[in-house]
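The structure under discussion appears below in the form of structure tokens.
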Amino acid sequence: MKTLIPVLIMLVGVLGFMVYKDAEMKKQAEVNQLLNESIQPQRKSAADKHLPIASAQAAELP
């Protein structure tokens with residue numbers, strides 16, 4: 001009985017740490033996704049700047 005209490009305390013501590021790490025990873029994944037979404041328009045606009053004038057004018061034609 002005396003060994004059961006420390007084992008349960010350790011189990012609660014380990015599970016708490018796992019929940020904490022999982023929350024951290026989810027937050028980091030969300031931040032990474034937001035950063036990737038913010039970079040995408042910049043990459044597209046940078047690619048548009050490097051288009052030759054003739055192809056850019058042809059793209060504007062109906």
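Since every read-out is calculated from the coordinates, none of them should be taken as a lab result. Just so we're clear, the structure is a prediction, and the values are computed from it rather than from any experiment. FYI the Cβ positions are ideal-geometry reconstructions off the backbone, even for glycines, and counts take in every protein chain you see.
Some points to look at:
- The simple spin-label model puts a point 7 Å past each Cα toward its Cβ; for Met1 and Val19 those points are separated by 2.8 nm.
- Rounded FRET efficiency, nearest 0.05, which uses the C-beta distance separating Met10 from Val31 and R0 of 30 Å: 0.40
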